[in-house]
Amino acid sequence: MKDFKALLIGQPNVGKSSLLNALVGSKVIISNYPGTTVEITRGEKILGKAKITFEDTPGIYSISDRSEEEKITEKKLFEGAADGAIIVVDSTSLERNLYIVLQILEAQIPVIIALNFVEEAEKKGIKIDHKKLEKILNIPVVPINPLRGKGINELINVTLRVKGIKEDIFSVRYDDDIEKAINKISSKIIQTSLPNRFIALRVLEEDADFYRYLKNKEVIKATKGILSNHPKVSEDISITRYGTAAFIAREVTQIIKLRDKRGDLHEQFDKILLHNIWGPFFTILFFLIIFGLLMFLGNLLQGFLLNLTEGITSYLHTVSPSIIIVILAQALYGLMVGVSIALPYVFLFYLFLGLTEDVGLLARFIVNLETLLKKLGLPGKAFIPLALGLGCTVPAIRATRILSSRKERFYAASFFPFVSCSSRIGIIMGIVGYYGGLFLVFSVYVTLIISALIWAFIVKRVAYIENQPLLLELPSYRRPLMENIITKSWIRMKDFVYLVIPLLAIGGAIYAVLNITGITNIIVEPLSPIAQWLGLPAVTIIPLIFGFLQKDLTGAMLLSVLGSNISTILTPLQIYTFGLVATMQIPCVIALGMLIREFGVKKAVLLTGISIIYGLLFAGLIWRIISIF
Amino acid sequence: MSNRGEVYENNIMSQDVDVIKIVKEDILRIIDEAENKKISLKSIKVKVGVSEVFIFKAVSELKKENLIKFRGNFIELTENGQSRASSITKRHLIIENYFKRTKNKIKAHKAADALEHYISEEVANNIRKLFTLKGSGVPLTKFEIDKEGLIADIMLKDNKLSERIISMGIFPGERIKVINETSNAVIVKVKGKKTALGREIAKGIMVLEYERL
Ligand SMILES: Nc1nc2c(ncn2[C@@H]2O[C@H](COP(=O)(O)OP(=O)(O)OP(=O)(O)O)[C@@H](O)[C@H]2O)c(=O)[nH]1
Ligand SMILES: [Mg+2]
């Protein structure tokens, strides 16, 4: 039997990623806000001799992209040579979800409908006759619940039975004038794998991406005559399509009028949470509380882990000091200190982030902070990558795909030097806070915010960035599932475990070698003017350099070069300056790599270089200014 | 739309809808669409398909308001009537389309049998409501919080944006409620789903008050 490739398609936040995880085991992140997935993820299922490849895609409302992540899905659909699409459909808003189904059927792609949120719909008094839906559309419909694993096997079986597109599947009929125009354009289309009717419709809908399939553009003008009584053809097409979807939905839905008590309650929540004044207030308060908790719980955990580290490494010092032992001891020390400083904050932050996402708050925060972000020249949606950036800059750079233009994306990415990822939170709270106290932590954050404002002010002077208006579906409030939050935190922390932990050990060992061979001085010497500019001891250059490779190395290296009684070696001002200069930049080579992937080498290097210089300048200036007083 | 008459009569009994008002607007549109822009009373009766009592009442009211005039056996629009009719026709273009599609469907597909039935349901009622209410509504940004509204029109220049809005379920004839307003956005609820619309978008969504339904 031949291999089968099925795309998981659907509107945002309908459970595509949940379905992929149910089909092939946990692989991708699931969150309760539209726009979680911004890349294609493949999962394979082997059944005897057959192999089905499922591909999770970013959600799309319709075939008219407004951002990069949607383009990715469209490209997959029309150029990806898939054997079929499993369209995940939200039963609580069937008609809206059928819109994209009808549109994909127009492209003659074999479709299976996976009906999700069936129980939720029933709770609201909506009952869907999926057999009838199957009959009307003449495509398979399978009710599923990916969280409980219901309907998954049936979906796989149905997928295996799909063989190409059927002749008599449902297709939307437009009014006579539009149909005439479709025929006219259809006859002027170059040979492609896409059906002519579909291309003609896209052309009539004025989707410029499809003009390239036309033999000549004259035909567009020629159809104007036929469509003289359609001043807004493209809108009439969408409306007819939506009308048809609404009709089908109505045909297969039975509604028992229940009072939607939960919905009413949630509406009350939104009256407060999205209030013009209370909304932003609660949002900022919420983040303050999260950071307070991070600081408090993180320091507690860190103290415990550091004590453990001291215990173990002090034992190693009693062993006879051969070179090998010294290197190993340093590697172990680097590893354990690094883990103690970073892990508590990374882990706790992902827990908080997961909760915020899954309850449904994250999307609300976009609305609340939009006014603020607009002042910076950023669209409201930029809040998502920025919030994810508090976890890790790398996926956050990728998450800028939800924005509309490349310019907007790059500009949003240029704020990552000021948005401390959890590794940098580790430096701020685990070094600055642990050794210097709460006030210094506060000062570092305030300085980061001010420097970001200045950055925005400068950039806005030199570049014009147009922002798209806000258009955002607000997800329903949901009770978060602990299991999902833990799975998701694990996915997010995988890099930490597989990459950072070895790096910490290697970093420690390299430091030992540099020390023994005396190379440290060779490195530190020429760079000492930088340390001087920053008002820091020359050796702190070492943790800063290691820190550029990977931020989690910074803390470990600082303790390696200065020992663990930092508070007596550095003045509070020096701790503050170190914290600032160590955090205010593109955080690591991995982030640089991601920048290169998303924006190209030139822009990536430019941004990284500028961010380092900006950070150094800023930190050096600030401590001088403070010293005056 | 053979069951239109029925619908009207049902409406008198079940819902407090001003039938005369609907019939009047229907008549204006029918004359506007007729060949040479004139039509006999008989044809009106056939086309509108409600009982004579309603038609006579509607016609005499239209005459009184100086929107139509009699010329021999035919009825024509006055200048006022013409401008009124044009605006109705324009406003209805979208909905015309909605109905026209259903006619083709009957030929095209078995499933269409139920379409006529569908027309008499809520959405059709809502759509018809659009005929009867004055004006084309106010922009969403000017609409009162917590009042039920009916989406009358989507007037956005950007085609892709219009399609996006429609595919998110914000559709003419659909009920809409403004839950909250912030300085940058309007938060609406349509079919139980909430959406935040930037003011620039909200300005282009015309809404009518959904009274008495
Ligand atoms: N109650 C319930 N929740 C579900 C079900 N399926 C998915 N969810 C929830 O719906 C939300 C969205 O799920 P995802 O799988 O991330 O949705 P998606 O379609 O991949 O979303 P995007 O990637 O943003 O397009 C999450 O909070 C899930 O927990 C279900 O069957 N029942
Ligand atoms: Mg997803």
Rounded if a/c is under 1.5, else prolate if a/b is larger than b/c, else oblate: which is region A:2-164, with a ≥ b ≥ c the root eigenvalues of its Cα gyration tensor? rounded
Filtering chymotrypsin sites (Phe, Trp or Tyr not before Pro) in region A:461-562 by DSSP loop and by at most 16 other Cβ atoms within 10 Å leaves A:Y464
In whole Å, what is the distance between the alpha-carbon centres of region A:535-605 and region A:426-459? 14
Set the bar at 30 Å for Cα to Cα. Now go through A:K76/B:K142; A:K188/B:K157; A:K16/A:K123 and name every pair that lies beyond it. A:K76/B:K142
So, in nm, how far is label A:M482 from label B:E33 when the simple model puts each one 7 Å beyond its Cα toward the Cβ? 6.3
Post the alpha-carbon centroid distance, region A:234-248 to region A:4-32, in whole angstrom. 27
Please list A:25-32, A:323-330 highest first by mean number of surrounding beta-carbon atoms within 10 Å per residue. A:25-32, A:323-330
If I model a spin label as a point 7 Å beyond the Cα along the Cα-Cβ vector, how far apart are those points for A:K180 and B:K147 in nm? 4.2
Classify region A:447-488 as rounded, prolate or oblate, taking a ≥ b ≥ c as the square roots of the eigenvalues of its Cα gyration tensor: rounded when a/c is under 1.5, otherwise prolate if a/b is larger than b/c and oblate if not. oblate
Along the Cα→Cβ direction, 7 angstrom out, place labels at A:I272 and A:I165. What is the inter-label distance in nm? 5.2
If you take the accessible area of A alone plus B alone and subtract the pair, what total do you get in square angstrom, rounded to 100, with a 1.4 Å probe? 5400
Near-label residues of region B:182-207 by backbone N, under 16 Å of a point 7 Å along Cα→Cβ of A:I284: B:183
Check each of the trypsin sites (Lys or Arg not before Pro) in region A:195-249 and keep only those in coil by DSSP with at most 14 other C-beta atoms within 10 angstrom; list them in order. A:K215, A:K217
With n ≥ 4 as the cut-off for DSSP H runs, can you work out [θ] at 222 nm for the protein assembly as shown, using -39500 (n - 2.57) per run divided by the number of residues, rounded to the nearest 500? -18500 deg cm²/dmol
Pairs from A:K75/A:K232; A:K71/A:K224; A:K271/A:K551; A:K51/A:K551; A:K407/A:K551; A:K27/A:K132 whose Cα-Cα separation, in the structure shown, is over 32 Å: A:K271/A:K551; A:K51/A:K551; A:K27/A:K132
Buried on assembly, region A:53-77 (at least 40 Å² less accessible surface than by itself, 1.4 Å probe): A:Y61, A:S64, A:R66
I need the semi-axes of the equivalent ellipsoid of region A:277-392: take the C-alpha gyration tensor, multiply each eigenvalue by 5, square-root it, list largest first in whole angstrom. 42, 14, 10
The answer for B:V207, listing residues at least 5 apart or on another chain whose modeled amide H is closer than 5 Å to its amide H, is B:V138, B:L140, B:A152
Over the protein assembly as shown, what is the percentage of antiparallel beta bridges among all DSSP beta bridges, to the nearest 5? 70
Starting from 0.36 nm per residue, how many nanometres of slack lie between A:L499 and A:K132 once their C-alpha separation is accounted for? 127.0 nm
Using the structure shown, list the pairs from B:K147/B:K194; A:K221/B:K203; A:K5/A:K215; A:K261/B:K191 with a Cα-Cα distance above 21 Å, or answer none. A:K221/B:K203; A:K5/A:K215
Would you mind checking region A:117-158 for residues with the amide N under 20 Å from a putative spin-label position 7 Å along Cα→C-beta of A:I46? A:153, A:156-157
Taking every DSSP beta bridge that has both residues in region A:45-127, what percent is antiparallel when rounded to the nearest 5? 35
Counting DSSP beta bridges with both partners in region A:2-164, what percentage is antiparallel, nearest 5? 30
Rg over Rh of chain A, using C-alpha atoms and the Kirkwood radius, what does it come to? 1.03
What is the helix-to-structure angle for A:94-106, meaning the angle in degrees between its Cα long axis and the longest Cα principal axis of chain A, kept from 0 to 90 and rounded to the nearest 10? 80
Roughly how many whole Å is it from the C-alpha centroid of region A:116-133 to that of region A:313-333? 65
Specify the angular offset, from 0 to 90 degrees and rounded to the nearest 10, of the alpha carbon long axis of helix A:361-375 from the longest principal axis of the alpha carbons in chain A. 80
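The values are calculated or read from the model by the stated rules, or taken from the named source; none is laboratory data. As the structure is a prediction and not an experimental result, all values here were calculated from the model. With ideal geometry, Cβ positions are generated from the backbone for all residues, glycine too; neighbour counts draw on all protein chains shown. Heads up: the accessible areas ignore ligands, DNA and RNA and are worked out on the full protein's heavy atoms, side chains in. Shrake-Rupley method; radii C 1.70, N 1.55, O 1.52, S 1.80 Å.
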